[in-house]
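Step one of this worksheet: look at the structure below.
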Amino acid sequence: MKTNSPIKVLAICASPRKGNSYFLLEKALEAVEQLNLVPTEVNRFHFGQKLFAPCDACMKHKVMQGQCRIKDSFQPLRDLWVGADAVLYAFPVYHMGIPGQLKCFIDRLGNSLGYYFQSGEPRTFHIPRLNKAMGFITQGAHLYGGQDLALNYMINHALLMRCIPVPGDLPASYIGAGGWTGGQAGKSSLEKLFEEKDRDASNAVEAAQQVARRTVEMALIVKEGLRAARHVFDEDLNYRYVLKNLD
Ligand SMILES: Cc1cc2nc3c(=O)[nH]c(=O)nc-3n(C[C@H](O)[C@H](O)[C@H](O)COP(=O)(O)O)c2cc1C
C-alpha cells in the first residue's frame with residue numbers, strides 16, 4: 001500500500017556522547033530509509049551535553065496550560081515528541097536502568113502533558129490516546145547488564161503516555177533491541193564488533209533495524225486506522241487531539 005502522507009519519525013539518542021547508542025540508531029534509520037512502504041520524515045535529536053533538569057515538583061504546569069516552568073532542552077524535544085507519529089529511543093544502560101537525562105525528560109513530559117492538550121479551563125489531568133508507535137533500542141557494556149530492565153522501563157513509559165510499544169521479531173529481538181559490548185566502554189566498541197562480524201553485535205543491529213521498521217509500520221497502521229474509523233471516534237475526547245492532527 002502506498003500513501004503520500006509521511007510518517008513523522010522522531011529518532012532520539014539519549015546518550016551524552018555519539019557512541020554505541022548513536023551507532024545503533026543510525027543503523028536503525030538506514031532500515032527506515034530503505035522502507036518502501038510509506039514516505040517518512042525523520043527528525044533526529046541527540047541528547048549530547050544538552051541540559052534536562054530534573055522535575056522539581058513545582059506543579060506550575062497545572063496553571064501554565066501544561067507548560068513546564070523550567071526552560072531548557074525539554075521544550076524543543078517535547079515539541080518534536082508531540083508532533084511525531086513514531087518515536088525511536090536509543091539509549092545506553094546506566095546502573096541497570098535508563099540514563100538520568102532520559103528519566104528527567106520523561107518525568108517532565110508525563111506530568112506536564114497531562115495539562116497540555118485541553119483547551120478549556122480549569123484543566124484536569126488528561127493525556128489523550130496518543131497512540132504513537134514507540135520502539136526501544138538499548139545496549140550496555142555487559143551481558144545481563146540491565147538491558148531488559150531498561151527496555152521494560154521504557155515500555156512502561158510508552159504505556160503511561162497512551163502509546164504503543166513495538167518490538168522487533170524473535171529471535172533477534174524479544175521486547176526491543178538490546179546489545180552489549182563485551183565489557184568494553186569505548187564509544188566505538190559496538191561498531192568495531194559489528195565490523196568484525198561479532199555475532200551479538202550483528203544481532204543488536206538486526207534487532208534495532210527490525211524495531212525501527214516495525215515501529216514505522218505500526219505508526220502507519222494506526223494512522224490509516226484512525227483515518228478509516230474517524231467517524232467512530234469523532235465525538236470521543238480521547239481521540240479529538242489525534243484526529244484533529246491527521247493530515
Ligand atoms: C554511568 C554509567 C553507568 C553504566 N551502567 C551500566 C550498567 O548498569 N550495565 C551495563 O551493561 N553497562 C553500563 N554502562 C556502560 C554503558 O552502557 C556502555 O558503555 C554503553 O555502550 C554506552 O553507550 P553510549 O556509547 O551510547 O554512550 C554504564 C556506563 C556509565 C557511564
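Just a few scattered comments:
- If R0 is 45 Å, the Cβ-Cβ spacing of Asp72 and Leu243 corresponds to a FRET efficiency of close to 0.90.
- Shown here for the stretch 195-231: trypsin sites (Lys or Arg not before Pro) in loop regions (DSSP other than H, G, I, E, B) with at most 11 other Cβ atoms within 10 Å, namely Lys197.
- Relative exposure of Leu190, Leu170, judged by other C-beta atoms within 10 Å (fewest first): Leu170, Leu190
- In this structure, the amide hydrogen of Lys8, modeled 1.01 Å from its nitrogen in the peptide plane, lies closer than 5 angstrom to those of Glu41, Asp85, Ala86, counting only residues at least 5 positions away or on a different chain.
- Ala53/Ile221 FRET efficiency (R0 30 Å; Cβ-Cβ; nearest 0.05): 0.25
- Among the listed pairs Lys18/Lys62; Lys27/Lys192; Lys27/Lys187; Lys60/Lys244, those with a Cα-Cα distance over 24 Å are Lys18/Lys62; Lys60/Lys244.
- Order of His126, His157 under a 10 Å beta carbon neighbour criterion, fewest first: His126, His157
- Per principal axis, descending, Cα span of the stretch 120-247 in whole Å: 55, 31, 22
- Taking 7 Å steps out from each Cα toward its Cβ at Glu235 and Leu170 produces label points 4.3 nm apart.
- Amide H contacts of His46: Cys13, each under 5 Å away and 5 or more positions distant or on a separate chain (H built 1.01 Å from N in the peptide plane; Pro and chain starts excluded).
- Computed over the chain, the alpha-carbon pair-distance distribution with 5 angstrom bins reads 1, 7, 14, 18, 19, 16, 12, 8, 4, 2, 1, 0, each value a whole percent.
- The Cβ shell under 15 Å around Glu41 holds other residues with a net charge of 0, Lys and Arg each +1, Asp and Glu each -1.
- Between helix 74-83 and the chain: long-axis angle, C-alpha atoms, 0 to 90°, nearest 10: 80 degrees
- Computed [θ] at 222 nm, helices only, for the chain once each DSSP H run of length n ≥ 4 contributes -39500 (n - 2.57): -13000 deg cm²/dmol
- Within the chain, percent of DSSP bridges classed antiparallel, to nearest 5: 5 percent
- In the chain, the sites counted are GluC sites (Glu not before Pro) in DSSP loop states with at most 16 other Cβ atoms within 10 Å, and the longest stretch holding none of them, exclusive of the sites, is 1-195.
- Extension gain for Leu35-Asn152 works out to 39.4 nm (0.36 nm per residue, less the C-alpha to C-alpha distance).
- Centroid-to-centroid separation of the stretch 67-94 and the stretch 205-226 [C-alpha atoms, Å]: 19 Å
- Under the combined filter of DSSP loop state and at most 13 neighbouring Cβ atoms within 10 Å, the stretch 122-228 retains these chymotrypsin sites (Phe, Trp or Tyr not before Pro): Phe125, Tyr144.
- Of all the options Val216, Val38, Val232, the one that moves most in a Gaussian network model of the chain with Cα springs shorter than 10 angstrom is Val232.
Every read-out reported here was derived from the displayed coordinates using simple, explicitly stated rules and does not represent laboratory data. None of these values were measured; they are calculated from a predicted model. Cβ coordinates were reconstructed from backbone atoms using ideal geometry, including for glycine residues, and neighbour counts include every protein chain displayed.
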